[in-house]
């Protein structure tokens, strides 16, 4: 399995966007502000997600450092029980996604926790 880092993912998305026809004219508002059209953002976001899905289908891990990592992990088959009927069920072996949050997402969750806890006091 290959790890797809942020740089590789950006390159793959850029390669996928070569075939798309997008108007890249960027109107400037103010001295340094840029406003990108929703079409550009939607196309880039869609291609990012589609590229991530394509890499996961190949069995590759996708890592965006300091944000998150997603990788397929093999899970062995296991025995379980249907709670409603009490009947034994075998869950087959398969790949499942493992998503691991990294620093920026963990810090965002911690800030959210602090905000909620401060409101309760």
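Just to be sure, is residue 43 within 18 Å of residue 7 (Cα to Cα) and at pLDDT below 95?
No.
Might you let me know whether segment 81-99 holds any residue that is free of Cβ contacts under 8 Å to residues at least 40 places away in the same chain and within 12 Å of the chain's Cα centre (by Cα)?
yes
Name every residue in segment 100-121 that is outside any helix (DSSP H, G or I) and either free of Cβ contacts under 8 Å to residues at least 12 places away in the same chain or on the phi > 0 side of the Ramachandran plot (or both), in order of residue number. Don't jump to the end; show me each part of the working.
At the first step, the residues of segment 100-121 found to be outside any helix (DSSP H, G or I) are 100-102, 121.
Listed by number, the list holds a single entry, 121.
Report the residue count in segment 51-67 for those that are without any contact (Cβ under 8 Å) to a residue 60 or more places away in the chain and either out of contact with any helix residue (DSSP H, G or I) (no Cβ under 6 Å at 6 or more places or on another chain) or farther than 17 Å from residue 5 by Cα (or both).
Count: 9.
List every residue pair whose Cβ atoms sit under 6 Å apart, with the two residues 6 or more apart in sequence or on different chains, where the first one lies in segment 1-22 and is under 10 Å from residue 63 (Cβ atoms) and the second, anywhere, is in a loop (DSSP other than H, G, I, E, B) and modelled with pLDDT of 70 or more.
4/60; 6/65
Looking at 97, 48, which is the one that is at pLDDT 90 or above and either in contact with a helix residue (DSSP H, G or I) (Cβ under 9 Å, 6 or more places away or on another chain) or not in a helix (DSSP H, G or I) (or both)?
Sole residue among the options that is at pLDDT 90 or above and either in contact with a helix residue (DSSP H, G or I) (Cβ under 9 Å, 6 or more places away or on another chain) or not in a helix (DSSP H, G or I) (or both): 97.
The values are calculated or read from the model by the stated rules, or taken from the named source; none is laboratory data. On a predicted model such as this, the values are computed, not experimentally measured, just so you know. We place every Cβ from the backbone using ideal geometry, glycine too, and count neighbours over all the protein chains shown.
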